[in-house]
Amino acid sequence: MSSKACCHGPGYKSPLDAMKNGPREKLLYTVTVQPNLDEPHGDYLSTVDVDPESPTYCQVIHRTFTNRKGNELHHSGWNACSSCYYVDENSKQIPKRDKLILPSIISDFIYIMDVATDPRKPSLYKTIDGDVFKQHNVTAPHTTHCLADGNVMISTLGDAEGNAKGDFILFETNNFNCVGTWTKGNQVALCGYDFWYQPYFDVMVSTEWGAPKKFKRGWRTEDLDDMTQYGCRLNFYKWSTHTLYQTIDLGEDGTTPLEVRFMHNPKRPDGFVGCCLNANIYYFKKKPDSDEFIAKKVIDIPGKLISIDGGKPEIMNGMVSDIVLSLDDKYLYVNCWLHGDLRQYDVTDPENPRLTGQLFLGGFICEDWKNVEVLEDKELTKRPEPRFVKGRRLEGGPQMMQLSLDGKRLYVSSSLFSPWDKQFYPTMVEKGGTIIQIDIDVVNGGLKLNEDFLVDFGNEPYGPALPHEMRYPGGDCTSDIWLANDEK
């Protein structure tokens, strides 16, 4: 790992190097879902211009279509990132961050995009048929991370029949041929979703959503009756042996732990996970005298007692579906897709996060939702007003987030998962989703909506579309993982 004895691959030598020396983002590669399942062009990758000096600022300047129906593109990842920064000087090929990998969580197809030949106009490099996954008894690919050994790893959420099963599958990055599944040994996670690794501590952590055949049909409360098919656990693996060695059951408060983040500092064995259903954040850390981890709830966002159309009172929780850590590990950003708010916490003391910013950007409890009555709210004394940007009402709620390398700009999209979008926010599906930008006070904390920034997906060429995950060509706060350099 000595920087004196190796070449430098893509990315940055450390998180703080990326934060201090990384360029300002000018393009935003955005996974875009076509909610009309009869539209033959299907889902696509939108290239969004986010350069304030550009004449096409805030516009979709290119669309790379999959030309296949029923994919449900969801998350994406790079063929190489900062984990490949230290490359042996004898390597035959220095890796380049030139391919963006887009798995489809419903069809199992994978679309490899060439983003280097013309970064403003990515092209389809290769399509991998979904049958590859079923051949290895996995399905529903989700998170993609590059590995320092030249492979990419993709988490999977089910077996070939759509039952819950947490595993991972590997592809080499020369021709993107399948290498096989990653997990070894007899222990396999009950469910799968996101993952993050810290090789310095020989550990990887993964999270759980649920069985694909359940979540694909929309949200149903009765699905929680069988918690072998819905997630509530953190799973820890030995990175070197690919073996699952510890599972922490988070219980009811930790149902559906989704996005997970180790601290960016590769020499920190701790991190956060957002537990979606009941809107809680857990902090996990390695015990000082063993390889085992402990987890504790550090943020508990209270639900709101509501009545819909005069019906029976019910608790509506926030639904935390994304979290993002700044590269200096100072601020944690948390969304509440159903409540409609986005929060910033100072996590300098990670076991005692401090709320430093909050914005309401849509959601179920806006005062103009006349069919919704808020009977009890433990946080607010009045319902938030609807939010408009450039004359456009923000429908849905804040969903996927991407933070600029310097931590000063947060991009927020509105779509979670199209079957759930249609269930909870049909007006957003009808009118199309949006991307907005939040300006960040990185010194004192604080959030401010940029009133001049709006990407509106309501007038797309083949009908209103739903923007989900976003990435920058040069890497970002949720894709790059660093290996520890012992010289530092």
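Laboratory data are not the source of any read-out in this text; all were calculated from the coordinates shown. Just so you know, these numbers come straight off a predicted model, no measurement behind them. Every residue, glycine as well, gets a Cβ built from its backbone with ideal geometry; the counts of neighbours run over all protein chains shown.
Summary of computed values
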read-out	value
Neighbourhood charge, 11 Å Cβ-Cβ cut-off, centred on residue 99 and excluding it, Lys, Arg +1 and Asp, Glu -1	+1
Taking N as its residue count, the alpha carbon Rg of the chain over 2.2 N^0.38 Å	0.91
Dipole of region 43-139, positive end: most advanced residue of 115, 85, 59 [Cβ charges, Cα centre]	115
Cβ-defined net charge surrounding residue 275, 15 Å radius [Lys, Arg +1; Asp, Glu -1]	-3
Relative packing of peptides 359-371, 314-326 - highest average C-beta neighbours within 10 Å first	314-326, 359-371
Part-to-part distance (alpha-carbon centres) for region 309-378 and region 414-486, which is given in Å	16 Å
Rounded to whole Å, sorted largest first: equivalent-ellipsoid semi-axes of region 371-434, Cα gyration tensor	23, 18, 13
Note, ³J(HN,Hα) from phi for region 150-164, Karplus 6.51, -1.76, 1.60, rounded to Hz, x at Gly and Pro	x, 9, 10, 10, 10, 6, 10, 10, x, 8, 4, 8, x, 7, 5
Rg/Rh ratio calculated on Cα atoms of region 323-429 (Kirkwood radius)	0.99
Inter-part distance where region 84-119 and region 235-306 are each reduced to a Cα centre, Å	28 Å
Net charge contributed by nearby residues that have their C-beta within less than 11 Å of residue 309 (K/R +1, D/E -1)	+1
Residue order, fewest to most surrounding Cβ atoms within 10 angstrom, among 233, 63, 220	220, 63, 233
Difference of contour (0.36 nm per residue) and Cα-Cα distance, residue 252 to residue 287	10.2 nm
Rg(Cα) / (2.2 N^0.38 Å) computed for region 26-146, rounded to two decimals	1.16
Straight-distance crosslink candidates among lysines, where the alpha carbon sits under 18 Å from residue 370 and sequence neighbours closer than 8 are dropped	304, 312, 382
Charge dipole (debye, nearest 20) of region 363-422; +1 at Cβ of Lys and Arg, -1 at Cβ of Asp and Glu	320 debye
Residue 228 versus residue 178: modelled label distance in nm, points set 7 Å from Cα along the beta carbon direction	2.5 nm
Residues residue 381 and residue 67, FRET efficiency given R0 of 45 Å [Cβ-Cβ distance, rounded to 0.05]	0.35
Of the GluC sites (Glu not before Pro) in region 51-120, those whose Cβ has at most 14 other Cβ within 10 Å and which sit in DSSP loop	53, 89
Within region 3-471: Cβ-based charge dipole about Cα centre, in debye rounded to nearest 20 (Lys, Arg +1; Asp, Glu -1)	720 debye
Ordering of 26-32, 148-154 by burial proxy (mean other Cβ atoms within 10 Å per residue, highest first)	26-32, 148-154
Restraint check, 214/422; 214/238; 96/330, Cα-Cα greater than 18 Å	214/238; 96/330
Interchain or long-range residues, amide H under 5 Å from residue 341's placed H	336, 361
Residues whose placed amide H lies under 5 Å from that of residue 68, excluding near-sequence neighbours	42, 43
Positive-pole candidate from 144, 160, 6, dipole of the chain, charges at beta carbon	6
Sequence-distant residues sharing a close amide H with residue 79 (under 5 Å, placed H)	98, 99, 101
Note, ³J(HN,Hα) from phi for region 239-253, Karplus 6.51, -1.76, 1.60, rounded to Hz, x at Gly and Pro	5, 6, 10, 6, 10, 6, 10, 8, 10, 10, 7, 7, x, 4, 5
Peptides ranked, highest mean first, by Cβ atoms within 10 Å: ranges 332-344, 251-263, 409-421	332-344, 409-421, 251-263
Theoretical ellipticity at 222 nm over the chain - DSSP helices of four or more residues, -39500 (n - 2.57) apiece, nearest 500	-1500 deg cm²/dmol
Integer Hz, Karplus 6.51/-1.76/1.60 couplings in order for region 358-374, x for Gly and Pro	7, 9, 9, 10, x, x, 6, 9, 3, 5, 8, 7, 5, 7, 10, 10, 8
